[in-house]
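Report on the following structure.
The values are calculated or read from the model by the stated rules, or taken from the named source; none is laboratory data. In this text, all values refer to a predicted model and were calculated from it rather than measured experimentally. Here the Cβ positions follow ideal geometry from the backbone for every residue, glycine too, while neighbour counts run over all protein chains shown.
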Amino acid sequence: MKIGLIGFPLSGKTTVFNTLTGLHARVDSFHASGKEANVGLIKVPDRRVEALSAIYEPKKTTYAEISFVDLAGISGASGSGFEANALNLMRQVDAFTFVIRAFPGEEVLHPLGGVDPLRDIRALEEELQLADLIVIEKRQARIEKEGKRGSAEHALLERLTGILESGTPLRETEFSAEELKSLAGFGFLSLKPCLLLLNTGEDNVRGDPAVMVKYTRAIAFCAELERQVAELPAEEQGEFLQALGIAEPAREKFIRAAYDLLKLISFFTVGKDEVKAWTIDRGTEAVKAAGKIHSDIERGFIRAEVVSYEDFIQEPNMTRMKELGQLRLEGKTYPVADGDIINFRFNV
C-alpha cells in the first residue's frame, strides 16, 4: 500500500512524514520545485503476527508494509497548483492523506493567509478536481479527433465533467464495476480514497471540531509532539502519552484509519520457515488471495485450509484445530476474513 501525503507549505507535512516513518527528512523549504519526494516504508504493527511468530519461532517474520510518499507542498497563492512531476508521482499512489494545518503561529506565512482547515480541505480537493478535468479535456479532444464523439467512453467522460464541475470529487460518486475498469487507466486523482489528517497544536490534540464533525474520514494529532514522543525510550512513551491524554501513538492511529479507509484486511500464512501478513481488499475471494502469494498458486488453486486467528490462538495447534472442526476447507469464491490463517493447496 502506497499513501501520498499532500498539503500546503508549512502544514507540517514533512514532520508528519517523519513521525509516521521514523525518518529525518528535511523540513526546511522541502523540494519547492516538486521534482522530488521523500519516500519511507514502515512495517505495520500487528500483535497477531507477534503472537504467531512466538508460537512457530520461524526463521523469518514478515509484517505488512505501508509506503509513504511525501510530496512538495502546493502554492495556492500563485495558483500554480501541483508541478507536472508531482502529479505523475501522485497518480502512482493508492490513496492520499491531506495534511491540514490546525496549529497556530506564523499565520502570515500560510499561502492562503491564516489557519482555516475547512478552507484548505476545499482548496486541495479543487486542485485534484482541476487536474482530473485537464485529463478529461485532453482525452475528449482525442476522441473527437478520432470521430468517436458518440461513444460510450465519451458519454462517461461527459458525466465525469459534470460531477467535477459541480465541485464533487469522483470518489464520492457510485460507479459500476465496468465503469471503474474503464476509468482505471486515467489515474484520476479525485477518485482515490482520501484521509484527512489535522496537524494540531499541543493544546488541541483532538483537532478542529468543525472538521471532525463534518468529515468521518478525519483524524487528528500533533505531529511535532508525536515526533518528540517517538524519540523517547520505548518504556517511557506509553506513560508520556497517557499523561497527555493520548490513547495511542500517532502511527497506530493512522494505520488503523488507513486500513478502514481503504477497506483492507490481513490474512496470515504460518510455518517454521516464515510467518507472514498479507494485505488484501476486504471481500477478496480465496483464489485471488492465493494469487497475492504467487500466480502459480492462483492458477493451480485446489482449496484453502482456513482457521481464524481468534480460534487458533485459544489452542495453537493445527491438528487440534482439525479435531475440533475449526479448520475449514474453502473453495475459490470464499471471501477471506480479517485474521484468517490460510494454507493454500494447489497443483500446477
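Scanning region 248-263 for residues that are modelled with pLDDT under 90 and outside any helix (DSSP H, G or I) gives Glu248, Pro249. Within region 169-211, restricting attention to residues that are assigned to a helix (DSSP H, G or I) and of a type in the set (Gly, Ala, Ser), the residue that is farthest from Ile3 (Cα to Cα) is Ala210. Summed over region 93-147, residues that are in contact with an Asp or Glu (Cβ under 7 Å, 6 or more places away or on another chain), touching a residue at least 24 places away in the same chain (Cβ under 8 Å) and assigned to a helix (DSSP H, G or I) total 1. With the structure loaded, tell me whether Phe17 is modelled with pLDDT of 85 or more, in contact with a Pro (Cβ under 6 Å, 6 or more places away or on another chain) and not hydroxyl-bearing (Ser, Thr, Tyr) or whether it fails that test. For Phe17, the condition - modelled with pLDDT of 85 or more, in contact with a Pro (Cβ under 6 Å, 6 or more places away or on another chain) and not hydroxyl-bearing (Ser, Thr, Tyr) - is not met.
Considered as a group, the residues in region 329-345 that are buried (at least 16 other Cβ atoms within 10 Å of the Cβ) and over 11 Å from Ala286 (Cβ atoms) include one that is farthest from the chain's Cα centre (by Cα), and that residue is Ile341. Close contacts from region 38-55, counting a first residue that is more than 19 Å from Glu310 (Cβ to Cβ) and of a type in the set (Phe, Trp, Tyr) and a second that is surrounded by fewer than 16 Cβ atoms within 10 Å (Cβ to Cβ) and modelled with pLDDT of 95 or more, with Cβ to Cβ under 6 Å and a gap of 6+ residues or different chains, come to none at all. You will find that of Thr161, Thr97, the residue that is more than 21 Å from the chain's Cα centre (by Cα) and at pLDDT 95 or above is Thr161 and no other.
So if I check each of Arg206, Arg159, Arg171, Arg149, which one is in contact with a strand residue (DSSP E or B) (Cβ under 9 Å, 6 or more places away or on another chain) and exposed (fewer than 15 other Cβ atoms within 10 Å of the Cβ)? Working first, answer last.
On the way: Arg159 fails: in contact with a strand residue (DSSP E or B) (Cβ under 9 Å, 6 or more places away or on another chain); Arg171 fails: exposed (fewer than 15 other Cβ atoms within 10 Å of the Cβ); Arg149 fails: in contact with a strand residue (DSSP E or B) (Cβ under 9 Å, 6 or more places away or on another chain).
When all the criteria are applied, what remains is Arg206.
Taken over region 215-231, residues that are surrounded by 17 or more Cβ atoms within 10 Å (Cβ to Cβ) and assigned to a loop (DSSP other than H, G, I, E, B) amount to 2.
Taken together, the residues in region 151-168 that are in a helix (DSSP H, G or I) and touching a Lys or Arg at 6+ places or on another chain (Cβ under 9 Å) amount to 3.
Here Lys60 passes the criteria (1) of a type outside the set (Asp, Glu); (2) touching a helix residue (DSSP H, G or I) at 6+ places or on another chain (Cβ under 6 Å); (3) modelled with pLDDT of 95 or more except the one numbered (2).
Suppose we filter Gly81, Gly105, Gly113, Gly150 for residues that are touching a helix residue (DSSP H, G or I) at 6+ places or on another chain (Cβ under 6 Å), farther than 16 Å from Lys192 by Cα, modelled with pLDDT under 90 and of a type outside the set (Val, Ile, Thr); which single one remains? Quick ask: steps written out before the conclusion?
Details: Gly105 fails: touching a helix residue (DSSP H, G or I) at 6+ places or on another chain (Cβ under 6 Å); Gly113 fails: touching a helix residue (DSSP H, G or I) at 6+ places or on another chain (Cβ under 6 Å); Gly150 fails: touching a helix residue (DSSP H, G or I) at 6+ places or on another chain (Cβ under 6 Å).
The match here is Gly81.
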